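The values are calculated or read from the model by the stated rules, or taken from the named source; none is laboratory data. Just so we're clear, the structure is a prediction, and the values are computed from it rather than from any experiment. For neighbour counting, all protein chains shown are included, and Cβ atoms are generated from backbone atoms with ideal geometry for every residue, glycine included. Ligands, DNA and RNA are stripped out before the accessible areas are found, and what is left, the full protein with its side chains, is counted by its heavy atoms. Shrake-Rupley method; radii C 1.70, N 1.55, O 1.52, S 1.80 Å.
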Amino acid sequence: MSEKKKLAFGKSNYVLMIAGILTLIIGFIIMTLDSEQYGFGFLGLTLGPIIVFIGFIIEIFAILKKPKQ
């Protein structure tokens, strides 16, 4: 009964998922740092959402990437 359980993803997938989550968190933090009223400055409307979008792209890539066998 020492059958090894296989995980759904490989190690590289999990590393990419963590990198994507950290990128998302950084993007949301950048959006909160905007000094304009209601976040209507460059950080809140341009840079932050671009970083968040990149984080979601990393997450999608991490999920769809096939692990090496």
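Against the chain, whose longest principal axis is taken from its Cα atoms, helix 11-32 shows a tilt of about 10°. In plain terms, the chain from Lys11 to Leu33 could stretch by 4.6 nm, reckoned as 0.36 nm per residue minus the Cα-Cα distance.
To the nearest Å, what is the center-to-center distance of region 4-18 and region 35-69, using C-alpha atoms only? One Cα centre to the other: 21 Å. Ligands, DNA and RNA left out, the accessible area of the chain computed with a 1.4 Å probe is 72% carbon and sulfur. Rounded to the nearest 20, the Cβ-based charge dipole of the chain about its Cα centre (Lys and Arg +1, Asp and Glu -1) stands at 740 debye. Could you state the angle between the C-alpha long axis of helix 48-64 and the longest principal axis of the C-alpha atoms of the chain, as a value from 0 to 90 degrees rounded to the nearest 10? With rounding to tens, the tilt is 10 degrees. Normalising the Debye intensity of the chain to I(0), with uniform scatterers on Cα atoms only, and taking log10 at q = 0.18, 0.20, 0.21 Å⁻¹ returns -0.69, -0.76, -0.80. Residues in the chain average 84 Å² of solvent-accessible surface per residue, probe 1.4 Å, ligands and nucleic acids excluded. Largest GNM mean-square fluctuation across Phe53, Phe40, Phe28, computed for the chain with C-alpha springs under 10 Å, falls on Phe40. Result for the chain in a Gaussian network model with C-alpha springs under 10 Å: among Gly48, Gly20, Gly39, the largest mean-square fluctuation is at Gly39.
Select from the chain those GluC sites (Glu not before Pro) which occupy a DSSP coil region and have at most 16 other Cβ atoms within 10 Å, ordered by residue number. When the GluC sites (Glu not before Pro) of the chain are filtered for loop state and at most 16 Cβ neighbours within 10 Å, Glu3, Glu36 remain.
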